[in-house]
1. Can you give the longest stretch of the chain with no exposed loop site, where a site means GluC sites (Glu not before Pro) in a DSSP loop (not H, G, I, E or B) with at most 14 other C-beta atoms within 10 Å?
2. FRET efficiency for residue 84 and residue 51, Cβ-Cβ distance as r, R0 = 35 Å, nearest 0.05?
3. Separation of segment 37-55 and segment 59-78 by C-alpha centroid, Å?
4. Which of 87, 272 comes first, and how do the rest follow, when ranked by fewest Cβ neighbours within 10 Å?
5. For segment 73-140, state which trypsin sites (Lys or Arg not before Pro) are in a DSSP loop and have at most 14 other beta carbons lying within 10 Å of their beta carbon.
6. By how many nm would the segment from residue 373 to residue 121 lengthen if fully extended, with 0.36 nm per residue of separation less the alpha-carbon distance?
7. At 222 nm, what value in deg cm²/dmol follows for the chain if DSSP H runs of at least 4 each add -39500 (n - 2.57) and the sum is divided by all its residues, to the nearest 500?
8. Distance cut-off 23 Å, Cα to Cα: go down the list 36/320; 62/358; 32/320; 32/215; 176/320 and report the pairs above it.
Amino acid sequence: MKSSIFFVVLTFSLILLHSCQQDEKTTEESLKSVYKDNFHMGVALNTRQITGEDSIGRALIKEQFNSITAENIMKWMYLHPEPDRFDFNLADDFVEFGLENNMYILGHTLVWHSQLADWVHEMKDSASLAHYMLNHIDTILSRYKGKVNGWDVVNEALNEDGTLRNSVFYNIIGDKYISMAFQKAHSTDPEADLYYNDYNLCQEEKRNGAIRLIKSLQDKDVNIDGVGIQAHWSLVYPSIEEIETSILEYAKLGIEVMFTELDVTVLPNPWDLEGADVDQKFQNNEKMNPYPESLPDSVDVKLAQRYEEIFELFLKHEDKISRVTFWGVNDRYSWLNNWPIRGRTNYPLLFDRDYEPKQAYYRVVGVKEDSQVEAEESN
Ligand code: XIL
């Protein structure tokens, strides 16, 4: 009897010790704990991670990140497939996951020309489209009021030259669709943080367009809390200087700066090819997919260095940056395996195809650890 009690106590002690050690490992080594005093560390979840089918990915998300974005399932075509029908099943599960894990939940995205439901493209008059757009925002924000913390209210409204894109919303409602969308979001959930999100926002012409757009909203007293710089970047583009100038310029507007869809492609860019001949792309297929089996160490090192430089800059401006979100957990499921060319093997994230941390992960963690050592030494 005595010996069995002893074994029960021993087993419990070992379990306790083990879980304490695991906690210790998590708090010491995760991205979210390392950067906890600087900015949220976020990640985009795909459907497998939301349903739990990808249980390893889900566990890694809990361990490493404290903010989540839905990669696809909150886009218009999924949430609002017919004029009078919404489908919240997966979105509810996504939000539940964030709430359970005490995460900053980002709603992506309310008004965007892409991944729209077909019926929206059929709308012909301004009053009806405006009605449905406002109803879309109101229905979704009412449901997730007090649960979803922030929204990409308008996504990709700008052309590369900084003018407004000819989206269905712009063409039919006119440029006021943007302020209408922000105003509706604010009136439905006054507590939610509201963002404008776009790509290439570090490029001068487009950046100036975004600044004009944000200022025009502020001049009308429309609530806008921040700008989301998507950050689909490469090993060389954009330069650290361009990113830094952008952080400073956007911060001058008195809004939060966020990097919302960070990934770094290591593959050749088809737009660098001369001409846009489809056959040419086809012929260059092997050239366009140079690492189908594994990433050579020399490129892995370049990727790690690039991430290191990026995070050094983020840390330098941590007072202006509220969130950094990676566009996916690991390389296996990155959208960059299929865009802009389908079926390639890309390596843009911090975790590899087997969910193991890459050199880039250790560099990102190292940036913060080095800065702490420096701070201690100078004290
Ligand atoms: C991408 C998803 O990652 C893909 O799975 C999907 O097929 C297309 O959209 N800018 C955005 C994101 O705001 O929503 C996009 O996500 C990537 C570009």
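Bear in mind these aren't lab numbers, they're just calculated from the coordinates by the rules spelled out. Bear in mind the structure is a predicted one, so any value in this text is a computation, not a measurement. So basically every Cβ, Gly included, is an ideal-geometry build from the backbone, and we count neighbours across all protein chains shown.
1. 294-379
2. For residue 84 and residue 51, the calculated efficiency is 0.85.
3. 4
4. In order of increasing Cβ crowding within 10 Å: 272, 87.
5. 124
6. Between residue 373 and residue 121, full extension yields 85.2 nm more.
7. It lands at -14500 deg cm²/dmol.
8. 32/215; 176/320
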